[in-house]
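K.L.:
Let me give you the structure first, and then I'll get to my questions.
The values are calculated or read from the model by the stated rules, or taken from the named source; none is laboratory data. Values in this document were obtained by computation on a predicted structure and should not be read as measured data. Quick reminder, even Gly has a Cβ in these numbers, built from the backbone with ideal geometry, and neighbours come from all protein chains shown. When the accessible area is computed, the model is the full protein with side chains, heavy atoms only, and any ligands, DNA or RNA have been set aside. Shrake-Rupley method; radii C 1.70, N 1.55, O 1.52, S 1.80 Å.
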Amino acid sequence: MTSPESRAEDHRASFVAGARAGIPYAAVGLLLSASFGVIARDAGFSVAAAIIMSAIVFAGSAQFTAVAILVGGGTAGAAVAAAALMNSRFLPMGIALGPSLPGPPALRAAQGQTVVDASWAMASRGDGTFDRWFLFGSTAPQYVCWVTGTTLGAFGGDLLGDTSRFGLDAIYPMFFLALLISEIKNRRAASIALAGSVVALALVEVTPAGVPVLAASLVALWGLRQNRKTA
């Protein structure tokens, strides 16, 4: 049986390893959030509102979607609904992560706030369990850079000018593709990824933003449950 001191050392080691692994994603997030800061200001957000949104929501796709709807004349309700759908993928991700988080419901919910795509994928042990301290560590630099980038963009947007010329719109697809490739470790995983992709592509033109992501996530969750049944 390991001592409390040994467990604490293991936790610190996992946190540090996670923080190091999260730095490349944090660097990308810094660029994307700076772009968000500029776009949010152009959409009429105050500097404080843009920064607070990033600090609370901390989800690029949802934030960009909400701002795009507001700029297009949509209501605040529509923006919130679309952002919620974009973030709906975290529901099945949270269900998968839940058993790896100790403590009462409130504490587990608080720990679950650290889930972002890259951290969740990297913290997976490959057997259906997750290293929560690695998750915490990898999310920490990403959060700091996301809020910092938004602050820089909100205050210095005039210096950056039109951020579309930097090709930042290509980062998101490549980011998720890299995560997907890292998770395809066997034929079963490849089959589940292919099924999710087919479902998402079939829905992308006929459903609101976020629904294809949710449907693909549910396919992945179903695949995880099937994998546990056959394990």
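K.L.:
Hey, PHE64 hits all of (1) more than 26 Å from HIS11 (Cα to Cα); (2) at pLDDT 90 or above; (3) among the aromatic types (Phe, Trp, Tyr) but one; which does it fall short on?
P.N.:
Exception for PHE64: condition (2).
K.L.:
Using beta carbons and a limit of 9 Å, which pairs, at least six apart or on different chains, have the first residue in the stretch 1-24 and crowded, with 16+ Cβ neighbours inside 10 Å and the second one basic (Lys, Arg)?
P.N.:
HIS11/ARG132; SER14/ARG132
K.L.:
In the list GLY112, GLY98, which residue meets the criterion of being more than 13 Å from the chain's Cα centre (by Cα) and either closer than 18 Å to PHE36 by Cα or surrounded by fewer than 19 Cβ atoms within 10 Å (Cβ to Cβ) (or both)?
P.N.:
After applying the criteria, what remains is GLY98.
K.L.:
Could I ask something else about it? Residues that are at pLDDT below 80: find the helices (runs of 4 or more DSSP H) completely inside the stretch 67-127 holding 2 or more of those.
P.N.:
76-86
K.L.:
Limited to the stretch 38-68, what total is found for residues that are open to solvent by 40 Å² or more (accessible area, probe 1.4 Å) and of a type in the set (Val, Ile, Thr)?
P.N.:
Looking only at that region, the number is 4.
K.L.:
Being within 23 Å of ALA50 (Cβ to Cβ), at pLDDT below 90, more than 14 Å from the chain's Cα centre (by Cα) and open to solvent by 30 Å² or more (accessible area, probe 1.4 Å) is true for just one of LEU152, LEU159. Which residue is that?
P.N.:
Matching residue, one of LEU152, LEU159: LEU159.
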